[in-house]
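> First the structure, which I've put down as structure tokens, then a few questions once you've had a look.
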Amino acid sequence: MLFENNSKPRKKSYYPFSKNYPTKSGNSYDIGESRARHKREERNKVIFYISLIVLFVLVFIASSVAITLSRRSITDVNAGKASEYMGKLKAYHMPDEALSGGIAYSLFKTELSNAKANAVMIDFKTADGLLHFNCSYETAVSIGATSSAYENANEIITALKNDGYKIIANIYCFEDSLAASMLSGAEVTQAGTGAVWLDNTAQKDGNPRLNPYSQTACDYLLNVMAKSVECGADVVLLSSVSFPDSPTAADAYFEGEEGSVQSRNAVLHEFVSNAAAVCGNVPVAVYLSADSALNGNGTLYSGGMFDSDALFNAVDFRSAAIKESITIGGESFSKEDINENACISKAVPLLKEKLEENYTTKDIIPVIDDEIYLPTLENLQVENYIIIKSDT
């Protein structure tokens with residue numbers, strides 16, 4: 001019929017200029033797919049490639065800046081001179097990597113300037129026995145103690161001194177696994193066997209230690225101190241002037257102790273006296289935890305070290321330095337029950353009283369981990385300090 005509907009659908013025709021005509025660009029589209037998708041994908045590709053180019057440029061710029069800073073001459077770094085030294089040490093601990101120079105040194109120098117510091121504490125000798133500064137001490141060279149010394153360390157130290165900073169050379173003493181392994185007769189031995197004693201089991205990475213009764217061990221350490229003074233140390237800080245406190249301490253044998261007229265405490269005091277003599281006009285400080293400074297320690301010192309011949313006691317008030325508890329004025333506090341600020345507030349007045357009884361040690365240098373405790377120290381009329389950040 002003339003007006004009869006034809007129910008059979010018509011086939012769709014495609015022409016080269018039809019918007020639904022399949023593309024010939026290499027992409028495959030189903031018939032009927034909109035070209036909008038193709039345009040969107042092309043646009044996304046352009047954005048992607050532009051983003052890659054921008055990212056490459058940013059990475060290139062950042063790398064260029066980092067390389068430039070790392071190659072920068074140490075003498076070009078001028079983040080300001082030291083704050084004026086008026087007989088009080090306002091020190092920051094230098095991260096080891098800053099001894100290499102470059103950006104790490106630049107950042108640390110800026111921190112010093114912003115903090116108005118006048119002193120820098122540097123680990124001249126680590127608990128592993130490695131020296132971070134360069135020296136020609138033959139014994140240290142022969143046992144490999146100088147193998148990890150930073151190439152620019154001595155130049156860094158000189159640059160800091162030229163800018164007015166006092167250098168506090170931190171030297172780990174009887175905690176020295178390298179020298180204890182390499183110097184015959186210097187090590188603590190295993191009771192009954194004569195084997196090298198370890199401060200823990202081998203499975204738990206135990207390390208050997210130097211024997212405070214050993215003349216070989218003491219001479220080695222004293223020579224390292226002398227070299228640190230030659231390198232520019234203004235204060236020599238003696239860490240680990242102690243006997244070991246470890247799970248295996250009962251099995252430790254100290255050659256020379258048996259039959260000696262000197263107690264363990266006397267041997268340690270003599271060592272500090274000899275250190276002061278070797279360092280001459282450069283003052284010596286002894287590191288002590290706050291609890292040991294207040295109460296002594298039977299295991300570490302067989303008594304106390306607060307009254308040694310050191311000019312300073314560097315007293316560590318950081319929470320990390322409290323083993324389990326601390327006793328202040330006869331009152332015991334667990335590590336969890338006392339914070340750093342409270343420890344400073346309670347302990348410093350008692351330590352000042354002890355200084356009045358000691359004719360050699362003139363002052364304490366509090367060791368803290370943050371500038372927020374400086375107002376507390378100022379209120380207690382304590383101007384010396386060493387700040388060791390928790391991440392260093």
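> What order do you get for Ser292, Ser263 when you list them from fewest to most C-beta neighbours inside 10 Å?
If I rank by nearby Cβ atoms, fewest first, I get Ser263, Ser292.
> Now, a different point. Give the Kirkwood hydrodynamic radius (Å, one decimal) of the stretch 314-392, defined as one over the mean of 1/r across all pairs of different Cα atoms. It would help to have the intermediate numbers written out before the result.
Values: mean 1/r = 0.0764 Å⁻¹.
Taking the inverse mean of 1/r over all distinct Cα pairs, the stretch 314-392 comes out at 13.1 Å.
> Among Leu52, Leu380, Leu288, Leu351, rank each residue by its count of other Cβ atoms within 10 Å, from fewest to most, as a rough exposure measure.
In order of increasing Cβ crowding within 10 Å: Leu52, Leu380, Leu351, Leu288.
> Give me Tyr105, Tyr213 ranked fewest to most by other Cβ atoms within 10 Å of their Cβ, as a rough exposure proxy.
Tyr213, Tyr105
> Can you compute 3J(HN,Hα) from phi for each residue in the stretch 148-164, using the Karplus curve 6.51 cos²θ - 1.76 cosθ + 1.60 with θ = phi - 60°, rounded to whole Hz and x for Gly and Pro?
Values per residue, Gly and Pro as x: 9, 5, 6, 4, 9, 4, 5, 5, 4, 4, 4, 4, 5, 5, 5, 8, x Hz.
> What is the sum of charges, Lys and Arg at +1 and Asp and Glu at -1, for the other residues whose Cβ falls under 14 Å from the Cβ of Gly194?
-4
> I need the shape label for the stretch 203-299. Rule: rounded when a/c is under 1.5, else prolate if a/b > b/c, else oblate, with a, b, c from the alpha carbon gyration tensor.
prolate
> I would also like to ask the following. Efficiency by 1/(1 + (r/R0)^6): what FRET value for Tyr359 and Gln215, r their Cβ-Cβ distance, R0 = 25 Å, to the nearest 0.05?
Plugging the Cβ-Cβ distance into 1/(1 + (r/R0)^6) gives 0.30.
> Could you work out how much longer the chain between Gln203 and Ile50 gets when fully extended? Use 0.36 nm per residue separation minus the Cα distance between them, nm to one decimal.
Difference between extended and current length: 49.6 nm.
> In whole Hz and in residue order, list the ³J(HN,Hα) couplings for the stretch 355-367 that follow from phi through the Karplus curve 6.51 cos²θ - 1.76 cosθ + 1.60, θ = phi - 60°; x for Gly and Pro.
4, 5, 8, 10, 8, 9, 6, 9, 6, 10, 10, x, 9
> Calculate the tail of P(r) for the stretch 168-243: the fraction of all Cα-Cα distances greater than 17 Å, expressed in %.
So the portion of pairs separated by more than 17 Å is 46 percent.
> Another question about this same structure. Rounded, prolate or oblate: which fits the stretch 80-387 when a ≥ b ≥ c are the square roots of the eigenvalues of the alpha-carbon gyration tensor, with rounded for a/c under 1.5 and prolate only if a/b beats b/c?
It comes out oblate by the Cα gyration axes.
> Please turn the phi angles of the stretch 220-227 into ³J(HN,Hα) values with the Karplus equation 6.51 cos²θ - 1.76 cosθ + 1.60 (θ = phi - 60°), one per residue in order, whole Hz, x for glycine and proline.
Once rounded to whole Hz, the list reads 4, 5, 5, 5, 4, 4, 4, 5.
> Something else about it: Sort out for me the Cα centre separation of the stretch 156-195 from the stretch 318-392, rounded to whole Å.
Comparing the Cα centres of the stretch 156-195 and the stretch 318-392, I get a distance of 25 Å.
> Is the stretch 79-213 rounded, prolate or oblate when judged by the Cα gyration tensor, a ≥ b ≥ c being the square roots of its eigenvalues, rounded requiring a/c under 1.5 and prolate requiring a/b larger than b/c?
In terms of gyration-tensor shape, prolate.
> Just subtract the alpha-carbon distance of Gln381 and Lys81 from 0.36 nm times their residue separation and send over the number in nm, one decimal.
In short, 105.5 nm is gained.
Since every read-out is calculated from the coordinates, none of them should be taken as a lab result. These numbers were taken from a predicted model, which means no experiment stands behind them. Cβ sites come from the backbone with ideal geometry, for glycine too, and all protein chains shown count toward neighbours.
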